[in-house]
Each structure stands twice: as C-alpha cells, then as structure tokens.
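Contents: one structure, followed by commentary.
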Amino acid sequence: MYYKSLPYRFFYYLNMAFLLTVAIVCVLPLVHVLAVSLSSNAAANANLVKFWPIGFNLDSYAKTLGSDGFAKAFQYSVLRTVLGTLISMVLCFLAAYSMSKDKYTLKGRSIYAWYFVITILFNGGLIPTYLVVIGTGLRDTIWALILPGAVAVFNVVLMMNFFRGIPRELDEAAQIDGCNHFRVLFSIYLPISMPSIATLSLFTIVGHWNSWFDGMIYMEANNQPLATLIQSLVKNMDFVRLGMNPEQMKQFSERSLRATQIFIGALPVLIVYPFLQKYFVGGMTLGSVKE
C-alpha cells in the first residue's frame, strides 16, 4: 500500500524527472561536440551547430585518424592505461589483503597502516617527484607515467574494508584444507571481490586515460599520451603535430578538428563503461561501511 500511495508516487515521478534532467544536461555537451566534429567547416566556424550536424562530412576524422602523431599518442595512451591499471590493481589487491589481517596475523600492522595514511595526508611535491623520476632514469619512458602513482591508497582502503567484510570462516576453512595465503587470495578473495575490483579498475582506467599533466612534464613531444596531445592541440592550436602545414590548415576548421579529437579521446572510456556498469553501483558501497 505504501508504494501505491499518492505521496510516494509524487516523489517517485519527481525524482525520475530530476534524474532525467541531470542525465540530459550531462549528455548534451558530448552530443554538441559530436555534432561539431561531423559538420562542415563553414558551419563549425560560424558557430551554427548545436546538437545536429550541418553539412555532414568526415574530413576531420579522416585527417585526425590518418595522422601518425595522433595514432602514436593513442597507442601510447592505450598501453599506459592497460599496464597502469593492471599494475595498480595487482598492488592494490595484495596490499589490501595484507592490511585486512589483524595485528596478530600481520606483525607490525599499525606501522604499515600509518605508512599508508601518511601518504594520503602529505605529498612530497612536484619538484621532489620530478627529481626522483629523473634520478631513476624513468623520464621519457612509459614507466614515468605508471610507477609514481601505481599504489592508490584510497583504493587500498576501500578494498581492505571490503576484505574485512568477508567471513573469516572461509579463510579458516581454506587454511584447514592446506591452502596458503596466495591460494586463499586468488581462489576465494578474488572471485568474491569482482564488483569491487571492477569499480576500482574503472576509476583507475579513467584516471590514466585522462591524465595529461604528467605526460607534459615527463615525456618528450613525440612520446606524449593522447590526453597531453589533445591538451596541446586545444590550448595551443599546435596542429603541426598532426602533420598539417599552414596550407592544409586552411582547408579545415579548428573547431571541428578540436571537437573530433575530444570525442575520439572520450570514446574509449564510453565504450568500456557499459561493460563495468553492472558492477559499479554495488562496488561503490562494498567496503564503504565496516560493522
């Protein structure tokens, strides 16, 4: 009877209308960017395009995707995202499992816990980090984009709290059967943790894919990831990096080229998200509350 009451139905439809409005507001900018990227040069330059292409053409996509510089940056971003996510999640998984144990199982647990917490409260700063990257010989390598932020302590804390919510009887039963910690970790904890792992992996993927600042300070121009390249193209209008000379630039609209690059840069995350979306809501709450 409660769900059929007038106040409930009023709140339900009002809430749905609000969420639908928010969803439309979030999607419209991307639709506008897509429409500009598919429009003619004249329509894009005249700012006539809203949410539907005018003078449909794919010249900007052909030029962007045919550029060696853009293709190399795209491949570099894919490599960075795959390696960075894999390494980050493996380290997070191992650290969270260890930290989920009590002080009797893990000797010195309090020291390790404070070591992790301090990294959240205090940061060494940009210059010391840059000097470390230079001193270790990582500059202008893919590892300069992956290793400095390989362990996300916030993700470790979330996964640690999730592990603490797993019944200890499962762990004890496995140990009685002769399983060591690695067997328990990968045979019991890993299958149970898939929603949490999928959610944290999505956060890590988006972080690596959208990160541009570290690529600008650690990498040479010809080895920069896609996000850094797009930032340079959008802000500095440096279309020479796409292999375009001044005569070729006259044949294209800067607005349509920038819109094309922005949309292509956002497309991989839009493709990956639906496959992880079913884990997303559950993974956000798993490990967030510890009884």
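The values are calculated or read from the model by the stated rules, or taken from the named source; none is laboratory data. Keep in mind that this is a model prediction, so the values were computed, not measured. Every residue, glycine as well, gets a Cβ built from its backbone with ideal geometry; the counts of neighbours run over all protein chains shown. Keep in mind that these areas ignore ligands, DNA and RNA; they rest on the heavy atoms of the full protein, side chains included. Shrake-Rupley method; radii C 1.70, N 1.55, O 1.52, S 1.80 Å.
For region 65-202, the square roots a ≥ b ≥ c of the C-alpha gyration tensor eigenvalues yield an a/c of 1.5 or more together with a/b not exceeding b/c, which makes the shape oblate. For the chain, carbon and sulfur atoms together expose 69% of the accessible surface, with a 1.4 angstrom probe and every protein chain in place. Look at where the Cα atoms of region 156-188 and of region 72-113 average out, and the two centres are 16 Å apart. For region 126-246, the solvent-accessible area of protein heavy atoms averages 51 Å² per residue (probe radius 1.4 Å; ligands and nucleic acids excluded). Classify the chain from the C-alpha gyration tensor, please: rounded if a/c falls under 1.5, else prolate or oblate depending on whether a/b exceeds b/c. Cα axes put the chain in the oblate bin.
Computed per residue of the chain from DSSP H runs no shorter than four, each worth -39500 (n - 2.57), the mean residue ellipticity at 222 nm is -21500 deg cm²/dmol.
Accessible area ranking (1.4 Å probe, heavy atoms, ligands and nucleic acids excluded), largest first, for 16, 160: 16, 160.
Figure legend: label point modelled 7 angstrom from the Cα of residue 54 along Cα→Cβ; residues of region 27-42 with amide N under 16 Å from it are 32-42. Measuring gaps between exposed loop sites in the chain (chymotrypsin sites (Phe, Trp or Tyr not before Pro); DSSP loop; at most 13 other Cβ atoms within 10 Å), the longest gap, sites not included, is 123-291. Counting 0.36 nm for each residue step from residue 6 to residue 173 and taking away their Cα separation leaves a gain of 55.0 nm. Candidate membrane-span-like segments in the chain, meaning DSSP H helices with Cα atoms spread over at least 30 Å of their own axis and a Kyte-Doolittle mean of 0.5 or above, are 6-37, 68-99, 254-285, with no membrane implied.
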